[in-house]
Amino acid sequence: MTDPDILVIGAGVMGMGIAQVAAQSGHRVFLFDQREEAAAKAVTQIGDVLEKLVAKGKLTGQQARETLGRLLPIQRLADACSARVAIEAIVEKLEPKQALLRELGALLAPDAILATNTSSISVTALAAGLQRPQRVVGMHFFNPVPLMALVEVVSGLETAPEFATEIERLARAWGKVPVHARSTPGFIVNRIARPYYGETLMLCQEGAAPPEVLDAALRAAGFRMGPCELMDLIGHDTNFAVTQSVFEANFFDRRFAPSLVQRELVEGGLYGRKSGRGFYTYPEGPPALPLKSYPAPDPGAGLKIHGSGVVADRLAQAAAGMQSVPFTRVLESNWIGMEIGTRQLRLTDGRPAWRVARDVGTDDVAVFDELPTQARGTLAYAARGSDAWCAQVPAWLQALGWEPVEIADLPALVVARTLAMLVNEAADAVQHSVCTPEGADSAMKLGTNYPAGPFEWLARMGTARVVGLLEALDRHYRGERYRVSSWLRQRN
Ligand code: NAI
């Protein structure tokens, strides 16, 4: 197909974006909405957007005029008979979408593709009962459509591979990056992203730290926004609804269980930015974390750096920079961190500090979080640690170049827990043939702006470490939530 006519149904936020992108790529685009005048208004609005692009020098005036000329608002679907690809972006409800697809099926050519921009409804269910269900394909864009590169191309049980391939080709021609997914709850992005919110909500519920601390820890790990500020931006009502729908669609697998903390925010009308309050108050947003200064640590008892690998090397490098502190390395150690006399400061292996203290037989233990960059990192002390030790720990981390933030002693802290769970969810998605590892990486980087894909984190952290973190979480909490994906188990 060369530049086939496109029909976009639903002239809301998404339909408008899709119509603009298709028209800019050279297609004639019919735009239909059941609300009278909505399609015509949408075309006017797209015209305004195009004008701004011209002002910014991103389009020529002629390109904008030609694009606008290709956008045709229509009053009746029958006026779009020539369309070879229809993309529906109407209300997110099964029955109206099914009715529309039936109508389109009868109206358009037998080989026309019926694409749906649904974000949560099964493509298999949408196609059910159609005469030719094989031509229904998910084409899931992200908001704002003109700026977000990802398109999840979703196949239902009956979708013909050649139609999915055609939609992928079309997405690519529109400058997008298509990633193929099998139709399962949440597809790729909305599924794999659940733990990013879920783990922080769990930590909030357990009183680990205030939201601004959890946000700062994950920002320091390279995420553009912390989960709390991000949920405030998305809106807790929307985020809670997506979580609930993924939970229900998975037959109430506890792994996807929504959070009481978020439900209360929703019940109280604290939706986030749009209502002026969520985790934070707006327009102020998250309060800045005060920077604390600690006195230089006491190296009297001698410093040993345990373990090998990136984190141990970084500790050794930082210790080497503290010229007055002699240290030795214990490369063959089975843990990573520092030993000062008999006291231990360990990279979390998933066990809370109190559990490590019990296992190694000393009270003065602390654990620190996965520290992908030398920035703010969380730490926790074993409950029976001495005051002298608890005062030394942040001083050591600060002397070595980190901004330490103390949080409650919970397993796998913040970043390690979040990354391990994102990897676990992605591994399960691959195990269940939802997508490939490469697809999961692209989808998460492009659909959510994550600094790396889950399988890239896995490569950095190592399978044994990720599985160890998950097993420790599973032992601590017991239940379905932290069960290790069999995909990871097979590779450990
Ligand atoms: P919206 O509410 O902004 O627009 C929906 C439009 O569809 C409205 O203009 C409405 O009048 C029209 N409409 C409703 N029923 C219709 C029907 N039977 N026939 C013709 N027009 C009809 O909604 P939005 O946000 O654009 O979402 C549309 C679809 O895109 C939904 O399936 C949603 O789940 C999906 N989606 C939304 C994203 C978002 O961030 N808003 C992201 C990705 C997908």
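The values are calculated or read from the model by the stated rules, or taken from the named source; none is laboratory data. Note that this is a predicted model, so its numbers are computed, not measured. So basically every Cβ, Gly included, is an ideal-geometry build from the backbone, and we count neighbours across all protein chains shown. What goes into the accessible areas is simple: the full protein's heavy atoms, side chains included, and nothing from ligands, DNA or RNA. Shrake-Rupley method; radii C 1.70, N 1.55, O 1.52, S 1.80 Å.
At-a-glance table
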read-out	value
Residue-normalised accessible area of the chain, given per residue in Å² at a 1.4 Å probe	43
Rounded, prolate or oblate (a/c below 1.5 giving rounded, otherwise prolate when a/b exceeds b/c) for the range 318-380 by Cα gyration tensor	oblate
Fraction of the pair-distance distribution of the range 6-183 above 22 Å, Cα-Cα pairs, percent	39
Pairwise Cα inverse-distance average, inverted: Kirkwood Rh of the range 416-489 (Å)	12.3
Global size of the chain as Cα Rg and Dmax, reported in angstrom	26.1, 84
Cα gyration tensor shape for the range 120-205, rounded if a/c is under 1.5, else prolate or oblate	oblate
Share of carbon and sulfur in the accessible heavy-atom surface of the chain [1.4 Å probe, %]	52
Packing rank of 380-386, 213-219, 44-50, where each peptide gets the mean count of other beta carbons within 10 Å, highest leading	213-219, 380-386, 44-50
Inter-centroid distance (Cα atoms) of the range 333-388 relative to the range 53-116, Å	58
Residues of type lysines that Lys52 reaches as a straight line, Cα spacing below 24 Å, ignoring anything fewer than 8 places off in the same chain	Lys41, Lys176
Cα centroid of the range 215-268 to Cα centroid of the range 159-199, whole Å	21
Full-extension gain in nm, Glu51 to Ser386, via 0.36 nm per residue minus C-alpha separation	114.0 nm
Sequence ranges 403-411, 466-474, 33-41, ranked by mean other-Cβ count within 10 angstrom, highest first	466-474, 403-411, 33-41
Net charge, Val246 excluded, C-beta distance under 13 Å - Lys, Arg +1, Asp, Glu -1	0
